[in-house]
């Protein structure tokens, strides 16, 4: 099992893996993610961007 | 189990026995011993390690299944989206005379009429609000605060309908900040005003040279005074547009803000972006300092440098995360002052890219806007696909005069992403 540091970093016993950032949890399979509310929440987290960078603002 | 095709492996210079794994799909990051990488290849990981790396998105059951999931990513965003966003270009007029403004010669005394504003309200309330949880308007210009009456007219009407139907409503302003007084904020807040994006192009001297009033007088002091007066009333985001020659001076602006009490608790976020070179048809003929492509070497250095300067002073900035171009997003539209519809503010006024009107609704634009242009062999094999999805169509248009093909950002991410990831870890973004 993993050990948890104060910062929430997860360390394996042998410290071969140190999680630095958990990111967005990966969906296990599409079938399991059937609860409507959970699906909506996950999709809302996907960012929409106007372009690679923000456009220069109008003067 | 194989490594995800969206897993990047970065060597850690100060620790040669370890590497950082970063998933461009989940944005998870982990430092692993090099032998873990060998054990992944040999399928020799312990159960606990395998589960951990799978949960984080570094390992997948099948690379083909993962690819299928990515191919459906944009469709999923569009199917499940609960928010409709409209950028409303209220006018193409302005009280500033910015040297690089991409609206350039398209500007003039063009204002949205009361009739068009009402048609826009109908367009929103009679059609697009079906099955939506929220509507978000971004009032844009020109300078949107030159159209304060239209802001009130539109937001009052849409807010009333949204309230009746149990739909959340709010709006933001993309404004130059010269007219954003506490009185204006107090007038707009009850109508759903949530935040203002205000541009400061570096320290006073640099900003005033790029963004003077039409009279030629500098606008820096007026904007900073207004930001100070309204930042406790409404969220304020500071943006800045830099060029190759002036970007190194931008940290002086951050120090100035801190010195003047505009600290991270008062400013919601700060983001600096490069000015892109628009066509000579639109910008002032003497402006040539815009960035022509994302592959320019100075740009990679500048974006990492400025992001670090923002973060190290405690300000928030944009996270590194998967994003889809607004053009691909069904529930995102730009409404021009005359009621015509576009998919991107950069395309406003270019008739070829008009996708309808508030009266006709949104017409099919798959071909003109190259939707799904990223579904090709090269993009599907690219680890940066979740950050890109074909890149920015507007930038492609500026670069090549057409939208045929993708705006590839591989070179840019090759040079910057490892450092962006290190920043996200360091500053706990």
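Every number in this text was worked out from the coordinates using simple rules, so none of it is lab data. Quick caveat, the model's predicted, so the values are computed rather than measured. In this analysis, Cβ positions are derived from the backbone assuming ideal geometry, glycine residues included, and neighbour counts consider all displayed protein chains.
One table, with the values for the structure above:
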{"item": "Gained length - residue B:380 relative to residue B:65, 0.36 nm times residue gap less alpha-carbon distance", "result": "112.1 nm"}
{"item": "Fewest-first sequence of B:369, B:332, B:110 by Cβ atoms within 10 Å of each Cβ", "result": "B:110, B:369, B:332"}
{"item": "For residues of B:27-36, the mean tally of beta carbons on other chains within 10 Å", "result": "5"}
{"item": "Label-point separation in nm, residue B:368 to residue B:50, each point 7 Å along Cα→Cβ", "result": "5.3"}
{"item": "Residue mean of other protein chain beta carbons inside 10 Å, B:270-276", "result": "3"}
{"item": "Prolate/oblate/rounded call for the range B:7-71, Cα gyration tensor, a/c under 1.5 rounded", "result": "oblate"}
{"item": "Per-residue average of Cβ from other chains inside 10 Å of B:43-49", "result": "2"}
{"item": "Cβ-Cβ FRET estimate between residue B:183 and residue B:42, R0 fixed at 60 Å, reported to 0.05", "result": "0.30"}
{"item": "DSSP-defined beta bridges in chain B - what % are antiparallel, rounded to 5", "result": "35"}
{"item": "Projected label distance in nm at residue B:168 and residue B:330, using a 7 Å step from Cα toward the beta-carbon", "result": "2.1"}
{"item": "Cα shape, chain B, gyration tensor, a/c 1.5 rule", "result": "prolate"}
{"item": "Förster radius 45 Å - calculated FRET efficiency between residue B:205 and residue B:35 (Cβ-Cβ, nearest 0.05)", "result": "0.25"}
{"item": "With Cα atoms, 0 to 90° folded angle of helix B:148-165 axis to chain B main axis", "result": "60"}
{"item": "Helix-only CD estimate at 222 nm, as mean residue ellipticity for chain B, using -39500 (n - 2.57) per DSSP H run (n ≥ 4)", "result": "-10000 deg cm²/dmol"}
{"item": "Mean-position separation - Cα centroids, the range B:116-165 and the range B:1-77, in angstrom", "result": "44"}
{"item": "Centre separation in Å (Cα based) which lies between the range B:182-199 and the range B:335-366", "result": "27"}
{"item": "Distance (nanometres) between label positions extended 7 Å along Cα→Cβ at residue B:106 and residue B:12", "result": "4.8"}
{"item": "Principal semi-axes in Å for the range B:147-299 [√(5λ), Cα gyration tensor, largest first]", "result": "31, 19, 15"}
{"item": "Percentage relative contact order, chain B, counting C-alpha pairs under 8 Å, at least six apart", "result": "16"}
